[in-house]
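Heads up, the thing below is written out as structure tokens.
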Amino acid sequence: MSLLKLENSWKQRIEPEFHKDYMKKLKVFLQNQIDSKKTIYPKTDQYFAALNLTPFDKVKAVIIGQDPYHGPGQAHGLSFSVQQGVRFPPSLQNIFKELQTDLNISKPQSGNLQKWADQGVLLLNAVLTVESGKAASHQGQGWEQFTDSLIHALNNEKENLVFILWGSYAQKKGTFINRSKHLVLECVHPSPLSSHRGFFGSKPFSKTNAYLQAHGIGPIDWNLD
């Protein structure tokens, strides 16, 4: 977990976090996990992939996830995204269904969402690591405080961002967002357990682009192929 490998526009804003007690404890926790030969996702050099692919100055929208996928080969540091060639998890399947309904964009070949990240969509999980096969196993270890600091920086320094908060966990992370200068889109999580209670038909992709364009900001090309 090296600060040196963090993209500079993020690094200059959040460097103080790395010197706080909670972050030092988190680093010890992660090292203990590794020393115990536990498999952690994503790989160490991908912990901050969302920040490194989407510099602070380029952020247009933020999609907040809970924690990384915990199956082999899935997580690579971007919320809801899976690596090339990996079967789409159910939530991602539903995101692509809504994308097709909303913008008539066909389901892509790959579940890798890096093209969105490259255009300014910060794909941020609240918790940035997980133990293999154990969902939510790294919650409460400090990551939440760290990712709150990222959202605070965006909220305070930027204007006219779109925050896409799917499910109660993401919505709690967004309680302090200033809704007079940012658009907050909230609905249930795309998980099969909840998607039929308001995720389908919520049109987050077209609403995001309409807001960005209304404020003179270029839209996102949501097509991944």
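Give, as a single signed number, the net charge of other residues whose beta carbon lies under 15 Å from the beta carbon of Gln46, with Lys and Arg counted +1 and Asp and Glu -1.
Details: positive: Lys5, Lys43; negative: Glu7, Asp45, Asp67.
With Lys, Arg at +1 and Asp, Glu at -1, the net is -1.
Would you kindly compute the Cα radius of gyration of the stretch 113-177 and its largest Cα-Cα separation (Dmax), both in Å?
12.9, 39
Kirkwood Rh and Cα-based Rg: tell me the resulting Rg over Rh for the stretch 1-65, rounded to two decimals.
1.00
Where both partners of a DSSP beta bridge lie in the chain, what percent of those bridges are antiparallel, to the nearest 5?
Counting only bridges with both partners in the chain, antiparallel ones make up about 20 percent.
Along the Cα→Cβ direction, 7 angstrom out, place labels at Asn178 and Phe18. What is the inter-label distance in nm?
Result for the modelled spin labels: 2.8 nm.
Express in whole angstrom the spacing between the alpha-carbon centres of the stretch 141-171 and the stretch 1-45.
18 Å
For a quick check, take a GNM of the chain with Cα springs below 10 Å and name the residue from Leu26, Leu53, Leu128 with the largest mean-square fluctuation.
Of the options given, Leu26 has the highest mean-square fluctuation.
Hey, in the GNM for the chain with a 10 angstrom Cα cutoff, which one of Lys11, Lys173, Lys25 fluctuates hardest?
Looking only at Lys11, Lys173, Lys25, the largest GNM fluctuation is found for Lys25.
With a 1.4 Å probe and all protein chains left in place, how much accessible area per residue does the stretch 1-153 have, in Å²?
Per-residue value: 45 Å².
Quick one: what do you get for the stretch 42-115 if you divide its Cα Rg by 2.2 N^0.38 Å? Numbers along the way, then the final one.
Values: Rg = 12.7 Å, N = 74, 2.2 N^0.38 = 11.3 Å.
In units of the globular-protein estimate, the stretch 42-115 measures up at 1.12.
What is the diffusion coefficient of the stretch 155-225 in µm²/s, taking the Kirkwood radius over Cα pairs and the Stokes-Einstein relation at 37 °C with a viscosity of 0.692 mPa s? Show your work: numbers first, answer last.
Values: Rh = 13.2 Å.
Stokes-Einstein gives a translational diffusion coefficient of 250 µm²/s.
With only alpha-carbon pairs counted, each pair once and no self-pairs, how large is the Kirkwood hydrodynamic radius of the chain in angstroms?
On the way: mean 1/r = 0.0563 Å⁻¹.
For the chain, inverting the mean 1/r across all distinct Cα pairs yields 17.8 Å.
Using only the alpha-carbon atoms of the stretch 106-225, report the extent along each of the three principal axes, biggest first, to the nearest angstrom.
Principal extents (Cα only, largest first): 41, 36, 29 Å.
What is the sum of charges, Lys and Arg at +1 and Asp and Glu at -1, for the other residues whose Cβ falls under 13 Å from the Cβ of Lys20?
Working: positive: Lys24, Lys25, Lys27; negative: Glu15, Glu17, Asp21, Asp148.
Once all neighbours under 13 Å are counted, the net charge is -1.
Taking the alpha carbon gyration tensor of the stretch 1-124, what are the square roots of 5 times its eigenvalues, largest first, to the nearest whole Å? Show your work: numbers first, answer last.
Details: eigenvalues 156, 74, 22 Å².
Its equivalent ellipsoid spans semi-axes of 28, 19, 11 Å.
Given the options Gln139, Gln12, Gln66, state which has the largest fluctuation in a GNM of the chain using a 10 Å cut-off (strictly under) for Cα springs.
Gln12
At a 1.4 Å probe, what is the % contribution of carbon and sulfur to the accessible area of the stretch 79-201? Before the final figure, lay out the partial values.
Working: 2370 of 5230 Å².
Ligands and nucleic acids excluded, carbon and sulfur reach 45 percent.
The values are calculated or read from the model by the stated rules, or taken from the named source; none is laboratory data. In this text, all values refer to a predicted model and were calculated from it rather than measured experimentally. Glycine gets a Cβ as well: all are built from the backbone with ideal geometry, and neighbour counts include every protein chain shown. Remember, those area values only see protein heavy atoms, side chains included, never the ligands or the DNA or RNA. Shrake-Rupley method; radii C 1.70, N 1.55, O 1.52, S 1.80 Å.
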